[in-house]
Ligand code: ADP
Ligand code: MG
């Protein structure tokens with residue numbers, strides 16, 4: 001098992017809850033799940049159901065209020081130094097707005113080299129550049145984009161860079177949070193197909209987070225449905241999405 005979440009709870013203090021009566025909002029409510037190698041798990045649910053929070057807790061961008069995340073059987077809180085770095089390298093993210101995670105003063109070349117520099121065990125600039133150029137080809141971008149700034153790229157082109165940047169680290173898992181939601185429909189299809197093609201090449205697992213059931217169905221081997229912080233359905237894509245008795249997924253259609 002690559003990544004395992006056990007009984008994760010994440011609460012936030014409720015706004016306007018008063019000075020003395022501290023109420024909290026339960027964003028993620030006792031959720032357990034497992035991410036295996038070379039699998040895509042779709043995480044679907046209406047807006048505010050806790051998908052992004054769960055994804056960020058899984059990748060240690062947020063700490064859970066309670067519960068444990070295990071990376072290859074080890075509690076991630078116990079991972080130090082090179083072990084934590086391996087976790088960081090192996091669990092990558094792609095977000096809705098790729099430019100938000102790129103330094104606007106970096107050219108694309110630096111955007112792609114930076115994580116390699118920070119997270120590789122042995123970094124060699126010349127070797128890294130060869131990898132970067134190959135990756136540009138893999139994600140369907142002309143090498144001339146390496147000398148451009150993020151703001152000079154379209155949404156789809158930036159998402160290709162973000163996918164390439166994640167894949168350059170040869171991660172075991174990529175958490176894709178609404179990674180096509182901001183793109184035009186025709187570009188969405190291109191990016192989804194790129195992700196699929198890359199999975200065949202690199203055997204990366206995806207946690208594919210989306211409010212859109214059609215894209216989740218297209219992408220996923222397994223589907224998890226969240227509703228107000230709870231996991232309400234979990235099974236193979238066919239079990240969850242083709243079951244006429246499934247009330248929660250009907251609501252999302
Ligand atoms: P989703 O990704 O499914 O749309 P989120 O995980 O973003 O849902 O949010 C789940 C719930 O937690 C929502 O009610 C949201 O308002 C709340 N929430 C998320 N992040 C924070 C935060 N940093 N502070 C307070 N409330 C938050
Ligand atoms: Mg979200």
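Please treat every number below as a calculation from the coordinates, not as lab data. What you see is a predicted model; the values in this text were computed from it and never measured.
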So residue 68 and residue 121, fully extended at 0.36 nm per residue minus their Cα-Cα distance, gain in nm 16.4 nm
GNM on the chain, Cα springs under 10 Å; top mean-square fluctuation among 196, 72, 51 goes to 72
With a ≥ b ≥ c from the Cα gyration tensor eigenvalues, square-rooted, and the rule rounded for a/c under 1.5, otherwise prolate when a/b > b/c and oblate otherwise, the stretch 103-253 is prolate
Restricted to the chain, the DSSP antiparallel beta bridge percent, nearest 5, is 55 percent
Rounded to the nearest 5, the percent of antiparallel DSSP beta bridges in the stretch 143-253 equals 55 percent
With Cα coordinates, the longest principal axis of the chain makes an angle with the long axis of helix 155-168, in degrees rounded to 10, of 90 degrees
Note to self, the chain gives a 222 nm [θ] from helices alone (DSSP H runs n ≥ 4, -39500 (n - 2.57) apiece, / all residues, nearest 500) of -11000 deg cm²/dmol
Applying the gyration tensor rule to the Cα atoms of the stretch 22-77 (axes a ≥ b ≥ c; rounded if a/c under 1.5, else prolate if a/b exceeds b/c, else oblate), the class is oblate
Per GNM of the chain with C-alpha springs under 10 angstrom, the most fluctuating residue out of 73, 229, 59 is 73
Counting every C-alpha pair in the chain, the percent lying more than 28 Å apart is 35 percent
